[in-house]
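Have a look at the structure below before the remarks.
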Amino acid sequence: MTQRLATAALVFAATAGSASAEKIKFEYWYGLTGDLGAVVAETCNRFNASQDQFEAVCVGQDGYEKAVQNTIAAFRAGKHPTLLQSFDAGTADLMLSGEFYPVTQLMADTGVTVDWTDYFPGIANYYSSKSGEFFSMPWNSSTPVYYFNKDQFAKAGITEAPVTWEGMAEAFKALKASGQACSLAYAPSSWIDLEQFSMAHNIPVASNNNGYDGLDTELLFNTTLHVQHMENIQRWITEGYALLRTQAAGKTSRDSFVEGECSVFFSSIADHNTIHKLTPAFGWDVQIIPTYEGVERHNTVVGGASLWVLAGKTEDEYKAAASYLAFLATKPEQQFLLENTGYIPVTKSTYEALLAEGFYAKAPYLNRDIAMKSLTYTEPTELTRGIRLGGMIQIRSEWQSEVEAALAGQKTMKEALDNAVSRGNDQLTRFAQTYAGKSFP
Amino acid sequence: MRRAYFKFSWIAAALLAPQLLIIFVFFYWPSAQALYWAFTLEQPWGGGNTWVGFDNFRNVLSDPYYWGSVRVSVIYALATTVLAMSMALTLAIFVDRQLAGYKAYRVAIIWPYAVAAPAVGLAFQFVFNPGAGIFSYINTIAPGWWDLSKYPWQAVTAIVVAGAWKQVAYSFVFFLAALQSIPRSLTEAAAMDGARPLRRMVDLQLPLLTPTFFFLLVINITDSFTDSFGIVDTLTGGGPFRATDLMVYKIYADGFRGFDYSGAAAQSIILMLLVMALTFVQFRYVEKRVHYT
């Protein structure tokens, strides 16, 4: 390092004033792929073109999971990047390891001013510690909504897209009566059917306020409204209102919707852009995910990924990374992301500015801010801050396998969820044992 | 048995050293590390681990789904081996008999071995996909009959066929070489004695093929236990509801995807022991019936 500094100084002296000093480089590993990956790469180009002090070296890692896996391997070998784009389910281990540089701290140390109160609380809470310090930088954010076929709804005489499950059930009946064979293209998703569903209903997924208050957490979702909801979905499938549409079954729920086979499907708001690009031959719109009657609706939480700054890098690299993160948070850059993907703004000021410009009033962005309505429906409560569980990826996959088994008629939905909970609890016990004596910061 | 003795020589040692070093770095070291992790709870981001003795093994072995995974792995290994070897043998005999166009397909049959497992899985997705693949034609006749997301046996069949397809090439090369090394004079003598092709095959060629047969059996079984990951990952993802969750795929899912390094290490050790045991059984009992010339 000293040698490099000395060399840099020499070079600087030799070219005194005529040329700029060598750029400070930092590495950034991201998980997004395809069109979205290209957008990430483009933000790096824009950053590098916007100033001549720092250079972001951005490397796609072929998916969030691989990005985290590769970073762990690199970290253990001491060759990790400064910045990592990680999805929420993959960060419990990182949080407890402490091998990261909280971005609030980073910005303070490098003298970059960020107005942290400008972030939407639903997003801020999700990515910060109990004391309100941001661990990671929110960037590509989304939340689930449902997409519906306007033409088919109109034909069935449904004037307003329902916001309750009871209303949804009525809509299914009306659609069937109007000759629409399939109302809902269903694909099991623990993120939507379990996690976000529980947020919107203000019911727990796990004890200890969804894991925030300690590692001795137990899953609770086999005792809540979630069970009844999953039984309803199963019933809709057997009664012929809904069809199971997954990749393994030959057609995804999105394809089914875009082809006009089914009238409704649930997904992230990030799909808004994709569906627009697929140009369905009918009118369509989005609506917030329904809740059951008699339950007070609460906010949903953010999905997508955030940017983590990892420990063990040089001060220069941190400065460069801080500058990149600040760059991403500016309004033009958020807007660049929004226009090229289906993601949502993360700061209030950007959202308000976009609203004032009429950004969300016309296609292709029309009504995309329904996601903002869902995210900001109420102030986050103890149960709607988010979920902080170790082994989350395995818990999700246990849920998925068990629900699939129930939908295939191998067991009842209740048995399946009981089993998912008991197996998930084994994961949580292992996790607590691995990090004995620690707790989430 | 005759034994050969060699004097120790520095040159020999020096020549062996690079190879031994490679084996040590890429096999013994990681295996030792896995063995150590299997007895601890390892934190993925470093930061230490806790010694837990046999807990990881106890957890894995008391999990009914793990035994399901062992069962389907054994089924997969046996089925792909039988399928791949019988297809390879049949094809090799055809080529050996120099049927029309044998030169062209001798080359063509060798190719699949050069295809990476995930690519094989992807290719077979176009065959087996219930919505868009070749098998979707079945669904136009009997709607909903072919559905990989619903019927475990169909998913298992799909990965077995894909796995066998990939292994046919390897076995084919060896069978063909073995067939071609059978002296023509033997075949001709048998022919003059009035043995027809089928009789010559049963009484002459197959017995002479047993060493090759045995070698391929060991290699194929080992391969189908350890090299099936790519096919499962792209074709079924372990589903439906864990029906194709082969041991090696489960190791990946738990270890890399779920960050449970220790649980995955314990499973690796069990898989290693299982493959060793199977190989031992084959050498102990099957090799007795092999005649080396």
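Over the residues of the range A:231-386, compute the C-alpha Rg and express it relative to 2.2 N^0.38 Å.
Details: Rg = 19.1 Å, N = 156, 2.2 N^0.38 = 15.0 Å.
The range A:231-386 yields a ratio of 1.27.
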Exercise. Where does chain A land on Rg(C-alpha)/(2.2 N^0.38 Å)?
Worked result: 1.04
Problem set entry | Beta bridge orientation in the protein assembly as shown: antiparallel %, DSSP, nearest 5 | 65
Seminar exercise, completed: Counting only DSSP loop positions in the range B:1-63, the trypsin sites (Lys or Arg not before Pro) whose Cβ has at most 13 other Cβ atoms within 10 Å are B:Arg2, B:Arg3, B:Lys7
For this session: Could you tell me what % of all Cα pairs in chain B have separations over 25 Å?
Result: 61
Exercise. In what order do A:Cys44, A:Cys58 fall by count of nearby beta-carbon atoms within 10 Å, going from fewest to most?
Worked result: A:Cys44, A:Cys58
Seminar exercise, completed: To the nearest 10 degrees, the tilt of helix A:64-76 (Cα long axis) against the first principal axis of the alpha carbons of chain A is 40
Problem set entry | Principal axis dimensions, largest first and in whole angstrom, of the range A:397-441 by Cα | 42, 14, 13
Exercise. Angle, helix A:34-50 long axis vs. longest principal axis of chain A, Cα atoms, 0 to 90°, nearest 10?
Worked result: 30
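What number, rounded to the nearest 500 deg cm²/dmol, is the helix-based mean residue ellipticity at 222 nm of the protein assembly as shown, given -39500 (n - 2.57) per DSSP H run of at least four residues and division by all its residues? Mind dumping the intermediate values first?
On the way: 33 runs with 383 residues, N = 734.
The helix contribution divided over the protein assembly as shown gives -16000 deg cm²/dmol.
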For this session: Determine, for each peptide in B:34-41, A:337-344, the mean count of other beta carbons within 10 angstrom over its residues, then list the peptides with the highest first.
Result: A:337-344, B:34-41
For this session: Give the whole-number value, in cubic angstrom per residue, of the convex hull volume spanned by the C-alpha atoms of the range A:28-88.
Result: 76
Exercise. Which peptide among B:97-107, B:273-283, A:158-168, B:234-244 comes first, and what is the full order, when sorted by highest mean count of other Cβ atoms within 10 Å?
Worked result: B:234-244, A:158-168, B:273-283, B:97-107
For this session: Describe numerically, in nm with one decimal, the distance between label points set 7 Å from Cα along Cα→Cβ at B:Thr226 and at A:Ser129.
Result: 4.5
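Give the average, rounded to an integer, of partner chain Cβ atoms located within 10 angstrom of each Cβ in A:55-68. Working shown, then result.
On the way: counts 0, 0, 0, 0, 0, 0, 0, 0, 0, 0, 3, 2, 0, 4.
The shielding value for this peptide is 1.
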Exercise. How would you order A:184-193, B:210-219 from highest to lowest mean count of nearby Cβ atoms within 10 Å?
Worked result: A:184-193, B:210-219
Exercise. Per-residue mean of other chain beta-carbon atoms within 10 angstrom of the beta-carbon, peptide A:394-401?
Worked result: 4
Problem set entry | Length-normalised contact order for chain B - Cα pairs under 8 Å, 6+ apart - percent | 28
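Tell me, in nm to one decimal, what length is gained between B:Ser86 and B:Arg199 on full extension, where the rule is 0.36 nm per residue of separation less the Cα-Cα distance?
On the way: separation 113, 0.36 × 113 = 40.68 nm, distance 1.77 nm.
Computed gain between B:Ser86 and B:Arg199 is 38.9 nm.
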Exercise. Pairing the Cα long axis of helix A:225-238 with the longest principal axis of chain A, what angle in degrees results, from 0 to 90 and rounded to the nearest 10?
Worked result: 60
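Taking R0 as 51 Å, what FRET efficiency do you get between B:Arg284 and A:Ala73 from their Cβ-Cβ distance, rounded to the nearest 0.05? Present the calculation step by step, with values, prior to reporting the outcome.
On the way: r = 39 Å, r/R0 = 0.76.
In this case the efficiency is close to 0.85.
I want the local charge near A:Asp255. Using Cβ-Cβ distances under 15 Å, sum +1 for each Lys or Arg and -1 for each Asp or Glu among the other residues.
Summing Lys and Arg as +1 and Asp and Glu as -1 gives +1.
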For this session: Just grab the label-to-label distance for A:Glu415 and B:Ala12, each label 7 Å out from Cα along the Cβ direction, in nm (one decimal).
Result: 6.4
For this session: List the pair-distance distribution P(r) of the range A:316-427, using every Cα-Cα distance, as the percent of pairs falling in each 10 Å bin from 0 up to the bin containing the longest distance, rounded to whole percents.
Result: 12, 24, 22, 25, 15, 2
Problem set entry | Descending principal axes extents, the range B:178-293, alpha-carbon based, whole Å | 66, 30, 20
Exercise. Hey, how many Å between the Cα centroid of the range A:285-350 and the Cα centroid of the range B:224-293?
Worked result: 41
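Over the range B:127-254, what relative contact order in percent results from Cα pairs under 8 Å that are six or more residues apart? Please list the in-between numbers first.
Values: 98 pairs, mean separation 35.3, N = 128.
The value is 28 percent.
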For this session: Please give the residues of the range B:203-240, grouped as numeric ranges, whose backbone N is less than 18 Å from a label point set 7 Å along the Cα-to-Cβ vector of B:Tyr113.
Result: B:209-228
Problem set entry | the range A:358-441: trypsin sites (Lys or Arg not before Pro) in DSSP loop, at most 16 other beta carbons within 10 Å | A:Lys362, A:Lys411, A:Lys438
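Calculate, for B:Met192 and B:Leu99, the FRET efficiency according to 1/(1 + (r/R0)^6) with r their C-beta to C-beta distance and R0 25 Å; round to the nearest 0.05. Intermediate results must be reported in sequence, preceding the final value.
Details: r = 22 Å, r/R0 = 0.88.
So the FRET efficiency works out to roughly 0.70.
Once you average over the residues of A:87-97, how many Cβ atoms of partner chains fall within 10 Å of each Cβ? Write out the running numbers ahead of the final one.
Details: counts 0, 0, 2, 4, 0, 1, 5, 3, 1, 4, 6.
Mean number of neighbouring Cβ atoms from other chains: 2.
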Exercise. Computed over the Cα atoms of the range A:269-338, what is the ratio Rg over Rh, Rh following Kirkwood?
Worked result: 1.15
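Pop the C-beta distance of B:Met272 and B:Arg58 into the FRET formula with R0 = 22 Å and round what comes out to the nearest 0.05.
Numbers: r = 18 Å, r/R0 = 0.82.
The calculated FRET efficiency here is 0.75.
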Exercise. If one computes P(r) from the Cα atoms of the range B:1-151, what percent of pairs lie at distances over 24 Å?
Worked result: 70
Exercise. What residues have an amide H closer than 5 Å to that of A:Glu55, excluding those fewer than 5 places away on the same chain, when H is modeled at 1.01 Å from N in the peptide plane?
Worked result: A:Ile24, A:Lys25, A:Phe26
Exercise. On average over all directions, what projected area in square nanometres does the range B:30-113 have, based on the convex hull of its Cα atoms?
Worked result: 9.1
For this session: Note down, for the range B:117-188, the three equivalent ellipsoid semi-axes (square root of 5 times each alpha carbon gyration tensor eigenvalue), biggest first, whole angstrom.
Result: 38, 13, 10
Problem set entry | Descending Cα extents along the principal axes, the range A:23-149, whole Å | 46, 39, 33
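List every DSSP H helix in chain B whose Cα atoms extend 20 Å or more along the helix's own long axis and whose mean Kyte-Doolittle hydropathy is at least -1.0. Provide the component values of the computation, followed by the final result.
Values: long enough: B:64-96 (47 Å, 1.26); B:152-180 (41 Å, 1.14); B:206-226 (29 Å, 1.41); B:261-281 (30 Å, 1.85).
Flagged H segments are B:64-96, B:152-180, B:206-226, B:261-281.
Over all directions, how big on average is the projection of the convex hull of the alpha-carbon atoms in the range A:119-212, in square nanometres? All intermediate terms of the calculation are to be shown ahead of the outcome.
Working: hull surface 32.3 nm².
Its Cα hull, projected and averaged over all orientations, spans 8.1 nm².
With an 8 Å cut-off on Cα pairs and a minimum separation of 6 or more residues, tell me the relative contact order of the range A:56-129 in percent. Don't jump to the answer; show the numbers that get you there.
Details: 22 pairs, mean separation 14.1, N = 74.
Once divided by the residue count of the range A:56-129, the mean separation gives 19 percent.
No value in this document is a laboratory result; all are computed from the given coordinates. Computed from a predicted model, the values in this text were never measured in an experiment. With ideal geometry, Cβ positions are generated from the backbone for all residues, glycine too; neighbour counts draw on all protein chains shown.
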